Amino acid sequence: MTPEIAVRYPDGTIHVAVGYADPSTPVFACGTDVLSPGDDDYDFYAARAVPASEHHRTPPRDPARAAALKAEFRRRYRRDHGRRSA
């Protein structure tokens, strides 16, 4: 599983990846939440944030590993829920 990434910029803001899904509709979205000092959750993410200068050093996504994990998830989902797909 990929850890959640929070990136700290020189101006003190922290950018956190966020997602939204509404189960009652086909609406979903992905984006970035920008936290400034004093905002709720700022201290939580500040303790885990990666400086912007080091963010590019995160390892690239491995497509083969991602495909293997997705196949394993589908296999377990079919076993546990008896459905064809998740």
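The values are calculated or read from the model by the stated rules, or taken from the named source; none is laboratory data. All of these numbers come straight from a predicted model, not from anything done at the bench. No Cβ is skipped: glycine too gets one built from the backbone with ideal geometry, and neighbour counts run over all protein chains shown. Accessible surface is based on the protein model in full, side chains and every heavy atom, while ligands, DNA and RNA are left aside. Shrake-Rupley method; radii C 1.70, N 1.55, O 1.52, S 1.80 Å.
Can you confirm whether R48 is touching a residue at least 40 places away in the same chain (Cβ under 8 Å) and touching an Asp or Glu at 6+ places or on another chain (Cβ under 9 Å)? Before the answer, list the steps.
Working: touching a residue at least 40 places away in the same chain (Cβ under 8 Å): yes; touching an Asp or Glu at 6+ places or on another chain (Cβ under 9 Å): yes.
Judged against the criteria, R48 is a match.
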*Find the residue count for the range 54-68, including only residues that are under 21 Å from I5 (Cβ atoms), at pLDDT 80 or above and open to solvent by less than 80 Å² (accessible area, probe 1.4 Å).*
1
*Determine whether D11 is open to solvent by 100 Å² or more (accessible area, probe 1.4 Å) and assigned to a loop (DSSP other than H, G, I, E, B).*
yes
*asked:* Take the residues in the range 14-48 that are part of a loop (DSSP other than H, G, I, E, B) and among the acidic types (D, E); name whichever of them is surrounded by the fewest Cβ atoms within 10 Å (Cβ to Cβ).
replied: D40
